[in-house]
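Read the structure below first, then the notes.
The values are calculated or read from the model by the stated rules, or taken from the named source; none is laboratory data. It should be emphasised that the depicted structure is a prediction, and the values quoted were computed from it without experimental measurement. Positions of Cβ are backbone-derived with ideal geometry, glycine not excepted, and every protein chain shown enters the neighbour counts. Ligands, DNA and RNA are stripped out before the accessible areas are found, and what is left, the full protein with its side chains, is counted by its heavy atoms. Shrake-Rupley method; radii C 1.70, N 1.55, O 1.52, S 1.80 Å.
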Amino acid sequence: MNSILTDFYKVAVENELIAALGRDKVSTSFIDRKVYSSDELVEWTCPSPDGDCDPPIADFVVWPDTAQDVVETIKIANRHRVPVIPMCGAAQNRGSILPLHGGIIIDVKSLHRIIALDTENHTVTVQAGVICNELEAFLNTQGYTMNHLPQSQHISGIGGFLSARSAGVVSTKYGKITEMVLGMEVVLPNGDIMRTKPVPNSAAGPNFNYLFMGAEGTLGVITEATFKIHLLPEARMFRSYLFPDYPAAVNAVRLIMRRGVMPAAIRISDELETQVFHKHKGSLMIAMFDGFEELCALEAKEAAGIAASLNAQDLGEKPALEWWEKKRFSVAFPSSEHPAFALPIPGFVRVNGCIDSAGSFDYLVAVQRKLRTLMGKLNMFVVSHSSHFYHTGGMIYPRFIGQLMRGPGLPAAYTEIWKQGILLSHELGGTINHHHGIGLTLARYMNLELGNEGMENFRKIKRAMDPNNIMNPGKLGL
Amino acid sequence: MIDIKENSRLCSVCPNMCRDFCSVAGATRHEADSPKHKGAFVKEVIDEKNSLDAAMVDYFYRCAMCKACREACETDLDTSELVLSARTGVKGDLIPSKLGAVRENIVSGNMYADELSDLKSLLKPHLAKGKAHTLLYFGRKLRCEGLAAITGILSLLDKLNAEYSVMETEPDTGQLAYFLGFAEDARALAETCNREIEALHPQTLVVFSADDLRMIKKEFTGPGLSQTIPVIQSVPEFLLELINKMKPAFKDTTEKVSYHDSCALGRELRVFEAPRELIRNVPGVTLVEMAFNRDQAPCCGYGMGLDITHPEIKAKMAARLRIMAMQTGATTLVTGCPVCSIVLNAAAVTDMSDQNSGGIEIIDIAQFLERRLIV
Ligand SMILES: Cc1cc2nc3c(=O)[nH]c(=O)nc-3n(C[C@H](O)[C@H](O)[C@H](O)COP(=O)(O)OP(=O)(O)OC[C@H]3O[C@@H](n4cnc5c(N)ncnc54)[C@H](O)[C@@H]3O)c2cc1C
Ligand code: SF4
Ligand code: SF4
């Protein structure tokens, strides 16, 4: 797809960007533009038999140092009607940062200052490009943690987490990023800077943080945020139980939540994941309790009682500890044997994805069963786990992996997988996404989520805030 | 032998799992600097989807050879090996002109500026004459830029009544040539270096610059010094033995001190504990760790020649590390290798970032101990 800019305009915009930001913060090099325009979605929806499809390419990449640099960039973009795509860790994939019509990629990773640690009031304020692990490593040296620990903690950053409403592995106790943030600084699509107050709570009108969280860069650029922090836990206690099947394990979690017990992490594998990855028959639950010793012991005891009442086998701490210490990240590293990364059969392409959704406890069981049948018909191998729970239900993470034939039929075959999965989640009453966000892959299903009226109002908000439609155009179904 | 084709393919499809640890990408914040994309560039060249041009070649030199990516990679892939093989394969006009000049200087022994004039008199009393039981090797960069570091270690050793000798002129270990991809030059230099050092028949060789030690102990693959010299040590290891033996007294201070693990001493040679023990030995010192330490410590910016090929990246790397050190609340940052302190101290001058306005003293381990020793 070509840029909407003529060569003449490109030079004009480049000159203005350089004048406003400085030479070293702006790149028009082909390597940068190409690297910043890459996404697996391009290969997985490429109709060419050799898999060679050119991605849409950005015209400029900028690395702002300050919110003011972002303001200048957005003003220039508005003047010339140039698309602006904010990017942070680039780990969301799903085409969310693809510059569909060219334009300017703002890599917010260059906004990487930790601005203030306030241990008296338990907050930390950071620029939006700080990578989660950088922040966590710093907080840990001070005896603190943010308790936002997603599998992508080494690759994703603050701006991306907020924009895609991310969830870490200890979200059951500490919440998603949406429950951790207090205040934000956002550069709006007209170049104004808006701040929300970093207060513990408020009743002064709507909570505007929620306008930008999940907006995936369509309503402005988040440049700074203040979060709650916690002391590093004095103790962590690990427990593992084997249930006869996934519904029994889900029921156990329901009873644990109903009892008011709050494990930091609780993760249940469906029967296939339990068999393939944990070499057990049934449904494995691993739980981690954190805090001070007595609290962990009491919560673990209560959970153990519930597990025993449902005839679960107590596997001790080993599987849970191993997961926490070793397996949490390892599945994301490629190897020649990894089912998602091994060389495909010639003429095929390996595809994978996760149709993560959320709903009631009933929903989890229903969607897990039905999705497996559906995906089986599409020749996709699918394993599921549930690892974020709430008082009324939880998340399910069905990961599909398979090979599709390259060529003209590929885009439709790939799209069909998502279509079937998303329609099923929606029909069974779940949200179409729990924490990976929408991007391009799910954009066409946004009206299922919001309804026609909801979508229309969303469009009105977008038009009012961004009349020139410069902010990440083409995403979120807008 | 690594499988370059498969490794580059795997890195190219990786979700960027080691980028946060990459010394260069962590500092520049540029996606193209990440190990994943370095792998992707190599793959494109192998698959003939892209030819090597000057712009891409430049990316192969935007790497510190620090191997932080390898440590972070749970499948043990090593992007620096891909980069090194790409560098070695760069020939003729594609060799960046700046690098061509660097190579000439390395080969002719003119790398860095001239040796410091004050050095001669400083070294004179300790020159090896025919034989050297304990030989202290400084390395080219230190002999040209490290007067304070050399003065510091010699003073410390003298105060501890240590026996040692130094060479009047030092041969090049070939480390810079090796990591910049001039494999044949590196080999020739290393062989000469080995011969000259072996001629002194040392029983112990103490190497001050960690990257020279890495070259001698790890990278040189032929029959090298490791076969002929019984003990080859880093300065922290040597000093720890000496101090344990001599048990000198140190001034009682109340200070917070942090320590930076150099890539070569730490990740490559696994010398993590000796410098920390030395620091803890000083009464009243609290050792505070930086956010990224040990296997995760980023390179200071020296980057096996990166400081020469890309000084602007070096400045960013050094500034990032200084900020990380300051975040610990320490008043002193100790480095195991003096080259790191030279690079980090220069960053204070070249980087004008507001967060980099000073506030921390950066010195190598020998100077740190020397200043606190009670004579
Ligand atoms: C291996 C792997 C594991 C993962 N595990 C998890 C997990 O455990 N939990 C989880 O929640 N997610 C996970 N993800 C998904 C990903 O980490 C999240 O979607 C994350 O929120 C994206 O953050 P990012 O920094 O990578 O953002 P990016 O991918 O760079 O951007 C995401 C979206 O946000 C927008 N955006 C980015 N920065 C800004 C900004 N400053 N202002 C406005 N808009 C912005 C972009 O335009 C884009 O639309 C995983 C991904 C991978 C590859
Ligand atoms: S070295 Fe490992 S973690 Fe890094 S890009 Fe390659 S495969 Fe990924
Ligand atoms: S060797 Fe160091 S600088 Fe080079 S890619 Fe790996 S981590 Fe980055």
Dividing the mean separation of Cα pairs under 8 Å (6+ apart) by the residue count of chain A yields a relative contact order in percent of 16
In the range B:119-242 the accessible area split gives carbon plus sulfur, as whole percent at 1.4 Å, a share of 52
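Within 10 Å of each Cβ of A:330-342, how many other protein chain Cβ atoms are there on average?
That average works out to 5.
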For the protein assembly as shown, the Cα convex hull volume per residue in Å³ comes to 173
Mean per-residue count of partner chain Cβ within 10 Å for A:293-300 equals 0
Expressed as a whole-number percentage, the relative contact order of the range A:7-109 with C-alpha contacts under 8 angstrom and at least six residues apart is 32
Over all viewing directions the Cα convex hull of chain A casts an average projected area in nm² of 22.6
At 37 °C in a medium of viscosity 0.692 mPa s, the range A:302-353 has a Stokes-Einstein diffusion coefficient, with Rh taken as the Kirkwood radius over alpha carbon pairs, in µm² per second, of 228
Residue-normalised 222 nm signal for chain B, counting each DSSP H run of n ≥ 4 as -39,500 (n - 2.57), nearest 500 deg cm²/dmol, is -13500 deg cm²/dmol
Taking the alpha-carbon centre of each part, the distance from the range B:106-178 to the range A:425-467 in Å is 68
Cα-based Rg and Dmax for the range A:339-441, in Å, come out at 14.0, 47
Listed by chain and number, the lysines with an alpha carbon less than 27 angstrom from that of residue A:475, same-chain partners under 8 positions apart left out, are A:10, A:25, A:34, A:75, A:109, A:176, A:419, A:460, A:462, B:36
If one compares the long axis through the Cα atoms of helix B:338-350 with the longest principal axis of the Cα atoms of chain B, the angle in degrees, nearest 10, works out at 70
Rounded to the nearest 10, the angle in degrees between the Cα long axis of helix A:246-259 and the longest principal axis of the Cα atoms of chain A comes to 90
Expected max-MSF residue from B:262, B:12, B:234 in the GNM of chain B (alpha carbon, under 10 Å) is B:12
Taking every DSSP bridge whose two residues both lie in the protein assembly as shown, the antiparallel percent to the nearest 5 is 65
Length-normalised contact order of the range B:14-100, Cα under 8 Å, at least 6 apart, in percent, tallies to 30
Cys residues of chain A with no disulfide-compatible partner (no other Cys Cβ under 4.7 Å) are A:88, A:132, A:296, A:354
At q = 0.12, 0.13, 0.19, 0.20 1/Å the base-10 log of I(q)/I(0) from the Debye formula over the alpha-carbon atoms of the range B:4-95 is -0.31, -0.36, -0.79, -0.87
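Among the listed pairs A:281/A:301; B:91/B:129; A:173/A:197; B:91/B:120; A:197/A:326, give every one whose C-alpha distance is greater than 32 Å.
B:91/B:129; B:91/B:120; A:197/A:326
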Taking Rh as the Kirkwood radius computed over alpha-carbon pairs of the range A:51-140 and applying Stokes-Einstein at 25 °C with viscosity 0.890 mPa s, one gets a diffusion coefficient in µm² s⁻¹ of 166
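What does the buried accessible surface come to for B and A, summed over both chains, with the probe at 1.4 Å? Round to 100 Å². List each step's numbers first, then the result.
Working: alone 15950 and 20620 Å², together 33280 Å².
Buried: approximately 3300 Å² between A and B.
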Quick P(r) readout (the range A:2-70; Cα-Cα; 5 Å bins; whole %) gives 3, 16, 20, 21, 16, 10, 8, 5, 2, 0
Surrounding charge for residue A:137, neighbours by C-beta under 11 angstrom, Lys/Arg +1, Asp/Glu -1, total -4
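Peptides B:71-79, B:223-231: what's the order by average Cβ count within 10 Å, highest mean first? Before the final figure, lay out each step's value.
Values: B:71-79: 19.8, B:223-231: 14.4.
Highest-to-lowest ranking by the protection proxy: B:71-79, B:223-231.
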Cross-link reach from residue B:218 to lysines, straight Cα distance under 22 Å and at least 8 residues apart if same chain, gives B:67, B:141
If every Lys and Arg gets +1 and every Asp and Glu gets -1 at its Cβ, then about the Cα centre the range B:119-242 yields a dipole, in debye to the nearest 20, of 240
Comparing B:265, B:157, B:333 in a Gaussian network model of chain B (Cα, 10 Å), the one with the largest mean-square fluctuation is B:157
Residues meeting the amide H criterion for residue A:144 (H placed from the backbone, H to H distance under 5 Å, 5 or more places apart or on another chain) are A:232
Within the range A:7-109, the percent of DSSP beta bridges that are antiparallel, given to the nearest 5, stands at 20
In the neighbourhood of residue A:193 defined by beta carbon distances under 10 Å, the net charge of the other residues (Lys, Arg +1; Asp, Glu -1) is -2
Percent antiparallel among DSSP beta bridges confined to chain B, nearest 5, equals 10
Expected integer from the mean partner chain Cβ neighbour count at 10 Å over A:22-35 is 3
Gyration tensor on Cα atoms of the range A:237-357, a ≥ b ≥ c root eigenvalues, a/c under 1.5 rounded, else prolate if a/b beats b/c, else oblate, says prolate
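Divide by every residue of chain A the summed helix terms, -39500 (n - 2.57) for each DSSP H run of at least 4, and state the resulting mean residue ellipticity at 222 nm, rounded to the nearest 500 deg cm²/dmol.
-10500 deg cm²/dmol
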